[in-house]
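A.B. asks: I have a structure here, written as structure tokens, and I will follow up with some questions on it.
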Amino acid sequence: MNRELIVTYFINFAYTLLRAVIYAIGCFFAWRAFDWLDKVDIRKEITENKNLGWAIIVASLLLGLAYVIGQI
């Protein structure tokens, strides 16, 4: 294989890995901020009370963040 092609693959892999780390950190802080701003225990609502509405809200938050980071 061409050396330049291997370097390009490595750079693309590193860039993808960096975006995944940024997404994980962003999800962590978004979840903490959302949990801190809301008075309801979201984990309890989703797991124990089977509240589908809260699950949809959290999923949309994480999917929206993934879309924003994906556009970088």
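A.B. asks: Looking for something hydrophobic (A, V, I, L, M, F, W, C) and at pLDDT 90 or above - is there at least one such residue anywhere in region 44-52?
C.D. replies: Among the residues of region 44-52, at least one is hydrophobic (A, V, I, L, M, F, W, C) and at pLDDT 90 or above, which makes the answer yes.
A.B. asks: Another question, if that's okay. Could you check, for region 35-53, whether at least one of its residues is over 20 Å from the mean Cα position of the chain (by Cα) and closer than 21 Å to GLY70 by Cα?
C.D. replies: Among the residues of region 35-53, not one is over 20 Å from the mean Cα position of the chain (by Cα) and closer than 21 Å to GLY70 by Cα, which makes the answer no.
A.B. asks: Here is a follow-up. I need a count of the residues in region 22-56 that are of a type in the set (Val, Ile, Thr), assigned to a helix (DSSP H, G or I) and surrounded by fewer than 15 Cβ atoms within 10 Å (Cβ to Cβ).
C.D. replies: Count: 4.
A.B. asks: Then there is this: Only one of ILE11, ILE69 is outside any loop (DSSP other than H, G, I, E, B) and modelled with pLDDT of 85 or more. Can you tell me which?
C.D. replies: Going through ILE11, ILE69 in turn, just one is outside any loop (DSSP other than H, G, I, E, B) and modelled with pLDDT of 85 or more: ILE11.
The values are calculated or read from the model by the stated rules, or taken from the named source; none is laboratory data. Remember, predicted model here, so these are calculated numbers, not experimental data. Cβ coordinates were reconstructed from backbone atoms using ideal geometry, including for glycine residues, and neighbour counts include every protein chain displayed.
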